[in-house]
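Heads up, the thing below is written out as structure tokens.
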């Protein structure tokens, strides 16, 4: 774990907390939910595409959250290492 992970984690956290970014993701997700729910029985392709988009958005959020968590772990590891060397 290193300073680069800490930096990336902080940037990822800022991204998740950004109201414009969060609103854009929520809008995309809602649009896909409506596309899924509003599809006709014969529009299986439309539902599959909407489902895939929803899953992609979820995976993206999960990946950014992992970066935040890894950054926090890296920060703790650096702090522990500094205490040992003091």
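I want to check the label-to-label distance for residue 65 and residue 27. Put each point 7 Å from Cα in the C-beta direction and report it in nm to one decimal.
The two pseudo-label positions are separated by 2.3 nm.
What is the gain in length, in nm to one decimal, between residue 48 and residue 81 on full extension, counting 0.36 nm per residue of separation less the C-alpha to C-alpha distance?
Gain in length upon complete extension: 7.0 nm.
How many nm separate the modelled label positions at residue 11 and residue 39, each set 7 Å beyond the Cα in the direction of the Cβ?
Taking the two extended label points, one gets 3.5 nm.
A short reminder: the numbers here are calculations on the coordinates, not readings from a lab. Not measured: the values here are computed from a predicted model. Neighbour counts are summed over all protein chains in view; Cβ atoms, including those assigned to glycine, are modelled from backbone coordinates with ideal geometry.
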